[in-house]
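Since the structure comes first, as structure tokens, the remarks are kept for the end.
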Amino acid sequence: MMRIARLKVRRGEGEAVPRYDEFAVPFEEGATVLDALLWIRVHADPTLAIRYSCINANVCKTCTIAIDGKVGYACTTRLVADRQMTLDPLPGKVQLRDLVAETRPSQSD
């Protein structure tokens with residue numbers, strides 16, 4: 001049975017005031033946030049900046065973002081149909097664009 005996920009995705013570059021775009025994404029049980037983000041890039045907005053490397057098993061954790069205020073992996077977090085999910089780049093990191101944050105350690109780390 002096809003369900004609909006409602007995602008509120010942070011958009012913007014660097015220090016600019018961010019905005020949130022909302023997307024309704026069809027999904028089947030078991031689909032992940034990363035599945036939804038890829039669907040958005042193909043079907044709704046090809047400019048959405050995300051980072052993932054699932055094909056390279058040794059580069060895991062690339063898709064880490066804030067999901068409803070908690071840091072998690074987009075590739076393992078399941079979609080839900082009963083509420084809106086809010087997606088932000090990693091907290092405490094410099095936002096590069098949309099959900100992509102600088103992940104290299106800073107000189108102060």
| Pair list, Cβ < 6 Å and 6+ apart or interchain, from the stretch 63-88 residues that are touching a residue at least 24 places away in the same chain (Cβ under 8 Å) to residues that are of a type in the set (F, W, Y) and assigned to a strand (DSSP E or B) | C63/Y73; T64/Y73; L79/F27
| said: If I ask for residues that are among the β-branched types (V, I, T), modelled with pLDDT of 90 or more and in a loop (DSSP other than H, G, I, E, B), which ones from the stretch 60-85 would you list? | reply: T76, T77, V80
| remark: The lone condition P89 fails out of (1) open to solvent by 20 Å² or more (accessible area, probe 1.4 Å); (2) closer than 20 Å to R6 by Cβ is (1)
| field | Unmet requirement for C75, which otherwise passes all of (1) within 14 Å of E15 (Cα to Cα); (2) touching a Ser or Thr at 6+ places or on another chain (Cβ under 6 Å) | value | (1)
| message | I'd like to know if the stretch 46-55 contains one or more residues that are open to solvent by 80 Å² or more (accessible area, probe 1.4 Å), modelled with pLDDT of 95 or more and under 16 Å from A5 (Cα atoms). | response | no
| field | Breaking point among (1) over 17 Å from E22 (Cα atoms); (2) in contact with a Leu (Cβ under 8 Å, 6 or more places away or on another chain); (3) at pLDDT 95 or above, for D88 | value | (1)
| said: Give me the residue from the stretch 8-44 that is of a type in the set (F, W, Y) and not in a helix (DSSP H, G or I) and, out of that set, surrounded by the fewest Cβ atoms within 10 Å (Cβ to Cβ). | reply: Y20
| field | Close pairs from the stretch 34-52: first closer than 21 Å to L96 by Cβ, partner among the basic types (K, R) and assigned to a helix (DSSP H, G or I), Cβ under 7 Å, at least 6 apart | value | L48/R41
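The values are calculated or read from the model by the stated rules, or taken from the named source; none is laboratory data. From a predicted model like this one, the values you see are computed outputs, not experimental measurements. Here the Cβ is made from the backbone with ideal geometry for all residues, glycine too, and neighbour counts use every protein chain on show. Just so you know, the surface numbers come from the protein's heavy atoms only, side chains and all, with ligands and any DNA or RNA stripped out. Shrake-Rupley method; radii C 1.70, N 1.55, O 1.52, S 1.80 Å.
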